[in-house]
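A short worksheet on the structure shown next.
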Amino acid sequence: MKWIQQHGWKALGVLLLLYAFTAGLLVPLKPGILTASPQLLRAGSEVTLRIRGYNSFYQEGQAGLRAWLKLDKERALAASSIQAVSETELDAVFQIPAVLPIAAKTTPMTLILDNVVDGPSVLPDAVSVTQEAVDSLAGAAAWLNSPVQKLHPGPTGIRFPFRNILYETIRNTYFHVALWFAMLLLFIGSVRHSARYLRRQDAEDDRRAAAYTRVGVMFGILGLVTGAIWAKNTWNAYWSWDVKQNMTAIALFIYIAYFILRAAFEDAERKARLSAVYNVFAFVALIPLIFVIPRLTDSLHPGAGGNPALGGEDLDNTMRMIFYPAIIGWTLLGAWMAQLNYRIDRLADLHDDV
């Protein structure tokens, strides 16, 4: 019983991370659409779209294959014929009307596929249709109204959502994003001990604050590295000077300065007092830098510039089953590492006093 009380939370953290790594890397993605070509279509023509799928079974579901080019919520153009070339490739023939019910020269359209095996798949803005004459009234009369309806449910079992930009890198949510959450919780623990030191002047609180900050900064750096790798795969650059990237880098530099400040003083009491005050300042600066400023402007990250964060297809219920345990696992691991750091610092101080 005593062992469980002392070390049970450590074992729980390890088990949760093993679960997050195993499920996060092995659970397959839902079927999706990679590409559709050609992307530029002309009104009044017949076009054959070559469509490439992902985790799809077009030949197995050939009998129930359907495809639409969706214009808006009410209007969509159904494919006149569909032929599966392989499990991941098919040809869909569309008869594009001569005039579209849109007063624009070029109109983007979303591609929707559906079959019994894969269920529905969506590629937003898959093609653009160019029309010579712009007459929305005539287009409305000539438009073939074929609403998207009676879609199949698709495969059963646990599957992660397919996102056209993220693809397999959506799994990085359990590492990059979960590490940032764990970092924030560790910084909360650090500032809590700094506040306690300012009240009680207990050196133990100073050591614990430094230990939590040290591990929190390490998690922050790991978050930046995993984020840079993710950015390279989705934005084609390790560093895009995105507002959230910049703000998180500034926040980490502020915390790194915490250790520079500690190294500048030999007097233990003065070092602890100034470090505690600075740690409170660093945490107060962290909140607007990471959570406020990025939401005030456009950003490539979700949760900024009006984009939803941690909702919808970016984090569905299937992913939440792994995402939240991953946060708990990383946090418990970080607390364990901070505890070891605290013990090392305490032993070093005792050695210096001898």
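General observations
- Residue under evaluation M319, criteria (1) at pLDDT 85 or above; (2) out of contact with any strand residue (DSSP E or B) (no Cβ under 7 Å at 6 or more places or on another chain), criterion not met: (2)
- Cβ pairs under 7 Å, 6+ apart, first in the stretch 210-229 and free of Cβ contacts under 8 Å to residues at least 24 places away in the same chain, second surrounded by fewer than 21 Cβ atoms within 10 Å (Cβ to Cβ): A228/Y238; A228/W239
- Exactly one residue among A104, A182, A133, A126 is modelled with pLDDT of 95 or more and either aliphatic (A, V, I, L, M) or outside the structural domain of L252 (by TED's automatic domain parsing) (or both), and that residue is A182.
- Considering residues of the stretch 46-66 that are at pLDDT below 90 and of a type outside the set (A, V, I, L, M, F, W, C) only, the residue surrounded by the most Cβ atoms within 10 Å (Cβ to Cβ): G61
- Test: residue in the stretch 6-14 that is within 32 Å of the chain's Cα centre (by Cα) and in the same structural domain as Q131 (by TED's automatic domain parsing): no
- Those residues of the stretch 147-186 which are free of Cβ contacts under 8 Å to residues at least 60 places away in the same chain and part of a loop (DSSP other than H, G, I, E, B), in sequence order: Q149, K150, L151, P153, T156, G157
- Complete set of residues in the stretch 67-93 that are of a type in the set (G, A, S), closer than 19 Å to P31 by Cα and either at pLDDT below 90 or surrounded by 16 or more Cβ atoms within 10 Å (Cβ to Cβ) (or both): A67, A84, A92
- Every pair of residues 6+ apart whose Cβ atoms lie under 6 Å, when the first sits in the stretch 89-100 and is in contact (Cβ under 8 Å) with a residue 12 or more places away in the chain while the second is in a strand (DSSP E or B) and of a type in the set (S, T, N, Q): D91/T48; D91/Q83; V93/T48; V93/S81; L100/T107
- Considering residues of the stretch 110-132 that are part of a strand (DSSP E or B) and free of Cβ contacts under 8 Å to residues at least 60 places away in the same chain only, the residue farthest from A36 (Cα to Cα): N115
- Selection within the stretch 13-42 - among the polar types (S, T, N, Q) and under 25 Å from A326 (Cα atoms): T22
- Residue check for L16: closer than 30 Å to A338 by Cα, out of contact with any Cys (no Cβ under 8 Å at 6 or more places or on another chain) and either crowded, with 16+ Cβ neighbours inside 10 Å or not aromatic (F, W, Y) (or both): yes
The values are calculated or read from the model by the stated rules, or taken from the named source; none is laboratory data. From a predicted model like this one, the values you see are computed outputs, not experimental measurements. Ideal geometry is used to build each Cβ from the backbone, glycine not excepted, and the neighbour counts take in all protein chains shown.
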